[in-house]
1. Within 10 Å of each residue's Cβ, count the other Cβ atoms and sort HIS87, HIS109 from fewest upward.
2. Compute from the Cα atoms of region 6-250 the Rg and the Dmax, the latter being the longest Cα-Cα distance, and quote both in angstrom.
3. What residue among TRP101, LEU85, VAL236 has its Cα farthest toward the positive end of the dipole of region 6-250, where the charges are +1 on Lys, Arg and -1 on Asp, Glu, each on the Cβ?
4. Report the FRET efficiency, 1/(1 + (r/R0)^6), for TRP175 and ALA51, where r is their Cβ-Cβ distance and R0 is 35 Å, rounded to 0.05.
5. Counting Lys and Arg as +1 and Asp and Glu as -1, what is the net charge of the other residues whose Cβ lies under 15 Å from the Cβ of VAL217?
6. All other residues with a Cβ under 15 Å from the Cβ of ALA159 taken together, and with Lys, Arg as +1 and Asp, Glu as -1, what is their net charge?
7. Which order, highest average first, do 165-171, 13-19 follow once you tally other Cβ atoms within 10 Å for each residue and take the mean per peptide?
8. Please compute the modelled spin-label separation between TYR60 and LEU82, points set 7 Å along Cα→Cβ, answer in nm with one decimal.
Amino acid sequence: MTAPTYLQFHLAFLVPALMFMTATAFVSRPRLRNAGLWRLGAGRTYWVGVAIITVVALVYTTPWDNYLIARGVWWYGDGSTLATLGHAPVEEYVFIVVQPWLTALWLSHLSLPSEWSTVANPIRSRVVATALAVALGVAGWLMLGSDATFYLGAIVAWAAPVLALQWAVGAPQLWARRRLVALGTLVPAAYLCVADRIAIEYGIWVLSARYTTGLTVAGLPIEEATFFLVTNGFVVQGLVLYRWVLDRRTADEEVDRQTPGGVDPNT
C-alpha cells in the first residue's frame, strides 16, 4: 500500500476543517448578535489583520523552517511531496499560509464584550511578561547546545521574540482575556497535533531521533506539540491585539470629533 502524500494530508485535514469553520461561521453570527456580543471576526478589518499575520508568518517561518530541514531535524518520506522550493516542499509553504486562516476562522466563532475593560498596573504586567519571554529565549538558546534538545530549543528560541513583542505591547489585555486566548489557541492546536501525529505515523514526515528528546504525548513528540501551541498562540494573540488597537484608535478618533479643536479640555 502506498503511503499518503503531503498533498493528501492537506486534503484530508486542512481543507475539510477550513470548509467546516467557514460554514459554521454563518450559523454562529446571529447567535452572538442576539446575545449582545460581537465576534472578533466581524468586519473586513479582522480579515485584513489575518492577511497581515499570514504574510508575517510566512516571512518569519520560511528561513527557520528551511534551516531545520537542511540540518536534518526532520525530512519527508519518499514520494510524499510534489516539489521543493529551497529545502522545503511546496506543501510546507501551503501549510504555513493555511494554518493562520484555520486558527482565525475558529477564533471568529468566539466573542468578546463590546467594550475593553481597564487593566490595573499595565506597565508592570508588560515588563513581567516581556522578561518571561526573554527568559524563554535564553532557555531556548541554551537547549541549542545539545543535540537531544536542539529542535525544542530551536522552537523556543524562535518563538521568544514574537512572544516578547506581543506581551510588551498588550500583556494586560491578553491576560484579561486569557480564557478567550486559551480557547482560541488550544482547540486548533489540539486538532493539528492529532493530524500531525497521524502524518508521522504514516511517514509523511520523519523527525530525527538525534535532534529530539524522545518524549511524547500520546505518541506525539513534545517538540511538535510545542510548535503548534506557540504558533497558534501567535495568531490568536496577534488578532486579539489587532482588534484592541483598532478599537482604541476608533475611540480616540471619536473623542477628537467630540472635542473642539481635537483637544480634551480635561487634560
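Throughout, read-outs are computed from the coordinates displayed, never taken from laboratory work. Please read all numbers here as calculations on a predicted model, not as lab measurements. Note that we place each Cβ from the backbone using ideal geometry, even for glycine, and neighbour counts take in every protein chain shown.
1. On the way: HIS87 14, HIS109 20.
Arranged by neighbour count, lowest to highest, HIS87, HIS109 become HIS87, HIS109.
2. Computed over the Cα atoms of region 6-250, radius of gyration and Dmax are 18.6, 56 Å.
3. Among TRP101, LEU85, VAL236, the one farthest towards the positive end of the dipole of region 6-250 is VAL236.
4. Details: r = 27 Å, r/R0 = 0.76.
After rounding, the FRET efficiency stands at 0.85.
5. Details: positive: ARG197; negative: ASP196, GLU201, GLU223, GLU224.
Taking every other residue near VAL217 into account, the sum is -3.
6. Numbers: positive: none; negative: ASP65, GLU223, GLU224.
Overall, the nearby charge balance is -3.
7. Values: 165-171: 20.3, 13-19: 14.9.
Answer by packing, highest mean first, reads 165-171, 13-19.
8. The two pseudo-label positions are separated by 2.7 nm.
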